[in-house]
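We did not get these values from a lab; they are worked out from the coordinates using the rules stated. Keep in mind the model is a prediction, meaning the values are calculated, not measured. Don't worry about glycine lacking a Cβ; one is built from the backbone with ideal geometry, like all the others, and counts go over all protein chains shown.
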Number of protein chains: 2
Amino acid sequence: MSQPAVKINASDVAAPFSAAMKEYVRTELRGIGPKLVGFLANDDDSARKYAEWTGKACVRDGIRYELREVPKERLQEAVEDANRDPEVHGILVYYPCFGTFPSFYGGTMDDFIRDSISIKKDVEGLCQYYRGNLYRNIRYVDDERTQKCVLPCTPLAIVKILEHLNVYNFAQPEGEHLLGKRITIINRSDIVGRPLAAMLANDGADVYSVDINSLYLFRRGKLIECTETPEEAAKKSDVIITGVPVASYKLPLSWVSEGTVVINVASHKNVDEAALMQIPGVKYVPLVGKVTVAMLERNLMRLYENFHMKPRKMWQ
Amino acid sequence: MSQPAVKINASDVAAPFSAAMKEYVRTELRGIGPKLVGFLANDDDSARKYAEWTGKACVRDGIRYELREVPKERLQEAVEDANRDPEVHGILVYYPCFGTFPSFYGGTMDDFIRDSISIKKDVEGLCQYYRGNLYRNIRYVDDERTQKCVLPCTPLAIVKILEHLNVYNFAQPEGEHLLGKRITIINRSDIVGRPLAAMLANDGADVYSVDINSLYLFRRGKLIECTETPEEAAKKSDVIITGVPVASYKLPLSWVSEGTVVINVASHKNVDEAALMQIPGVKYVPLVGKVTVAMLERNLMRLYENFHMKPRKMWQ
């Protein structure tokens, strides 16, 4: 008899990480957690909300948090100051700041700011250094393999959710935990869809990456052109992840097979929830934000241990 | 009375660098220069010619050179092998290999290969780490400011040519050697025009960057939208650098004021040479390739000193 669909609350996934952080700060760091500085350089309401929300979560878990509001013309300098300041252990910028305005560098100014954050302080794991290592499946900062790279927060949150749902098979060796799994990701942004595809492919999955114009198969660091339609790819997938940033997009439910894990990472609901919950065996995660913040804290602690603690300790 | 135009031979600029390298290898390194590995992964005739040409120059100057021909499917692995090999001190890939084929990473596969080269071995100075430092005007690899970053070879060759022609004013402090100079660059590629604009702007110049669709002013790390036409920008420039990769493009000579330095960095001649030489005081550099190769050798030596010599020596 088939199982009913279930809905998974991100809080259940985030809670153990948050609790472990709190306990670690209390016992190992004697109550003085690392310091995260957030930069707000816009009038964007949702950026401000995200800033308040990350700040509260950090303080709750024992992390020192300071929000610095700067005019965008001063942002780059302010980030460089924080890069150099030994009292700052992590830096987070709330985008968008410049929107699509181009930079000297070639990409947008926001891309440039993102790449300007020191690798010792990039809690989002999205600067060029960590991106480059992620795509090349280089998992350590150092040749001795003692200091792990940080990974981008939202994709890492999805990994932790998939671990929580036992999609990861830890009986298989490292790099093969997702062997035999097919995963469709409807989003190929440089912030979420693409790094997530890389991480899941690095762990052995076949990842179908869907955007508005194309479908690629990512497998172990290689991009493979494929002839399936997005519908065919989704139907044979164990996991479907949607990240379409428009209110009008809804995942066609004919694409979802019984027993599929469906994760909505977009700020809009990409799924007709009531109808989805009629499909037997589906596991549905409507929101991932709380896990993302937990991963941000985790990245902060990893950076703190890699680059600030002497002697270094190994947390998680 | 106005001076006649003169034509400058790149060999004259390159020769002292080449001679210094040869002498340094002979005396300081007892004849055993660092080892450069070139990767050829295509059937492109001009790539093969460039490979032969760099190889000959290296051997002439005491650098050990090995050309490795690999199928492009094996290129990434071969580059990673060379990254790890302590006997290899520099890596050079002859592009194009994959052309415009996209990578997992987001850019092209050629971009991805470029970014995969270790910062300890990237003689072209074009991997993301050195690019990022260049655009942020970070001139050293280390916090102690003892190990200088390498800079991309072709843009660096232009700098050396401008130094040779006394456009640089070394009476002014570092970062201001080009203060008061206006320079127009007709090319905004990620390989030549854009990093060159950054380097010249880092040294204090106002740089007009022209491409087919737009004109920007680059000044000290900032991109400024401007209202001049390319003709107006060129006319008031002390230096015009052309890098248009098509045979049909010719720089309109009405854009060139008396006394201008004109440098052709394209493989095609972007200038009607006979007519240009009629403009009084013009200094014209028709080819830069020999200086580029000298800079490649110089980068190799800098990487060797930064990351391989113990105790480190300071060469140049």
Exercise. What net charge do the residues around A:P195 carry, taking every other residue with its C-beta under 11 Å from that of A:P195, with Lys and Arg at +1 and Asp and Glu at -1?
Worked result: +1
Seminar exercise, completed: 1/(1 + (r/R0)^6) with r = Cβ-Cβ of A:K148 and A:M277, R0 = 41 Å, i.e. FRET efficiency to nearest 0.05, evaluates to 0.65
For this session: Could you please point out the chain A residue with its Cβ nearest to the axis of the rotation taking chain A onto chain B, and the distance in whole angstrom?
Result: A:Q128, 2
Exercise. Between B:E80 and A:I32, what is the label-to-label distance in nm when each label sits 7 Å out along the Cα-to-Cβ direction?
Worked result: 4.2
Exercise. For region A:120-186, what's the radius of gyration and Dmax over Cα atoms, in angstrom?
Worked result: 13.2, 37
Problem set entry | Partners for A:K269 among lysines (Cα-Cα distance below 17 Å; same-chain residues under 8 apart left out) | A:K7, A:K250, A:K283, A:K290
For this session: Shortest first and in nm with one decimal, please list how far the A:D143 label point sits from its counterparts in the other copies (point 7 Å along Cα→Cβ).
Result: 2.1
Exercise. For A:G221, what charge total do you get from the other residues with a beta carbon under 12 Å from its beta carbon, if Lys and Arg give +1 and Asp and Glu give -1?
Worked result: +1
Problem set entry | Normalised convex hull volume, region A:31-121, alpha-carbon set, Å³ per residue | 85
Seminar exercise, completed: at B:S11 the sorted inter-copy label distances (label 7 Å from Cα on Cβ side), in nanometres, are 7.9
Exercise. Dividing the convex hull volume of the Cα atoms of chain B by its residue count, what figure in Å³ per residue is obtained?
Worked result: 148
Exercise. In cubic angstrom, how much convex hull volume per residue do the alpha carbon atoms of region B:1-80 span?
Worked result: 141
For this session: Relative to the longest principal axis of the C-alpha atoms of chain A, give the angle of the C-alpha long axis of helix A:193-202, reported between 0 and 90° and rounded to the nearest 10°.
Result: 80
For this session: Please grab the % of Cα pairs in the protein assembly as shown that end up more than 38 Å from each other.
Result: 40
Seminar exercise, completed: Hydrodynamic radius by Kirkwood for region B:154-290, inverse mean 1/r across distinct Cα pairs, in Å, is 14.7
Seminar exercise, completed: Taking Lys and Arg as +1 and Asp and Glu as -1, residues besides B:E258 with C-beta under 13 Å from its C-beta add up to +2
Exercise. Taking only DSSP H segments of four or more residues, each worth -39500 (n - 2.57), what value at 222 nm results for chain B once the sum is divided by all its residues, to the nearest 500 deg cm²/dmol?
Worked result: -11000 deg cm²/dmol
Seminar exercise, completed: So the angle from the long Cα axis of helix A:45-60 to the longest Cα principal axis of chain A, reported in degrees to the nearest 10, equals 70
Problem set entry | DSSP-defined antiparallel bridges as percent of all bridges, chain A, nearest 5 | 25
Seminar exercise, completed: The residues B:F101, A:F39, A:F170, sorted from fewest to most surrounding Cβ atoms within 10 Å, come out as A:F170, B:F101, A:F39
For this session: Within 10 Å of each Cβ in peptide B:103-116, how many partner chain Cβ atoms are there on average? Round it to a whole number, please.
Result: 4
Exercise. Using the alpha-carbon centroid of each, what span in Å lies between region B:175-212 and region B:222-261?
Worked result: 12
Exercise. For helix A:153-164, what angle does its Cα long axis make with the longest principal axis of chain A, in degrees from 0 to 90 and rounded to 10?
Worked result: 50
Problem set entry | Shielding of A:189-195 by partner chains, average beta-carbon count, 10 Å | 1
Problem set entry | Size of charge dipole - region A:243-297 - debye, nearest 20, with Cβ of Lys, Arg +1 and Asp, Glu -1, no other charges | 60
Exercise. How many percent of DSSP beta bridges within the protein assembly as shown run antiparallel, rounded to 5?
Worked result: 25
Seminar exercise, completed: For B:K222, counting only lysines whose alpha-carbon sits under 18 Å away and dropping same-chain residues fewer than eight positions off, the answer is A:K72, B:K181
For this session: Quick one: order A:W53, B:W255 by neighbouring beta-carbon count within 10 Å, fewest to most.
Result: A:W53, B:W255
Exercise. If the label for B:G180 sits 7 angstrom from Cα along the Cα-to-Cβ line, what are its distances to the same label in every other copy, in nm to one decimal, shortest first?
Worked result: 7.5
